[in-house]
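Report on the following structure.
Only the coordinates and a few stated rules stand behind these numbers; no lab work does. Bear in mind that the values here come from a model prediction, so they are computed numbers and not experimental data. Neighbour counts run over all protein chains shown; Cβ positions are idealised from the backbone, glycine included.
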Amino acid sequence: GGLLDAGTPSAAVTSTLKAGAASYTWVAAAVGSNTAAGLQLAAGEPVMAVGGFNGTDPAPTLAGFQSLVRQGKIHYFAGGGRGGAMTGRAASGSDAAQKISAWVAANYTATTVGGTVLYDLTAG
């Protein structure tokens, strides 16, 4: 895949994101807009691009993200695998995106759905 290729998540990921979607502002958050776009296009529901286009913008901040999670506005964090957040140094994003990813991994349980690691942000 090239720079502008959005990954296509599995049917299992898509159905997981769609379940209860009306209860959330974002069904998921993922580092970078290409990852978020693949999830959003497949599910037809809003997905937050942590760190903007390349995951390098300092938005949202960790505190801002934590506030949105506490408010129950984000259901899942896509943390890796096909159709999930990219892996590796080039895809690690900004310091803010790295802090968000680390906080999610330290505080929520990873579940692999159709090759994508998802963290349920409502289960904490």
Q: Identify all residues within region 26-53 that are over 13 Å from the mean Cα position of the chain (by Cα) and of a type outside the set (A, V, I, L, M, F, W, C); write none if there are none.
A: 44
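Go through region 13-62 and report how many residues are of a type in the set (A, V, I, L, M), farther than 15 Å from residue 79 by Cα and either touching a Gly at 6+ places or on another chain (Cβ under 8 Å) or in contact (Cβ under 8 Å) with a residue 12 or more places away in the chain (or both).
Let us first name the residues in region 13-62 that are of a type in the set (A, V, I, L, M), namely 13, 17, 19, 21-22, 27-31, 36-37, 39, 41-43, 47-50, 59, 62.
If we keep only those that are farther than 15 Å from residue 79 by Cα too, we end up with 19, 21-22, 41-43, 59, 62.
From what is left, the residues that are either touching a Gly at 6+ places or on another chain (Cβ under 8 Å) or in contact (Cβ under 8 Å) with a residue 12 or more places away in the chain (or both) are 21, 41-43, 59, 62.
Final tally of qualifying residues: 6.
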Q: Starting from region 106-119, take each residue that is under 17 Å from residue 26 (Cα atoms) and touching a residue at least 40 places away in the same chain (Cβ under 8 Å) and list its partners that are surrounded by 13 or more Cβ atoms within 10 Å (Cβ to Cβ) and among the hydroxyl-bearing types (Ser, Thr, Tyr), counting only C-beta distances under 7 angstrom and pairs at least six apart or across chains.
A: 118/16; 118/76; 118/111; 119/76; 119/108
Q: Determine which member of the set 72, 64 is over 13 Å from the mean Cα position of the chain (by Cα) and within 16 Å of residue 19 (Cβ to Cβ).
A: 72
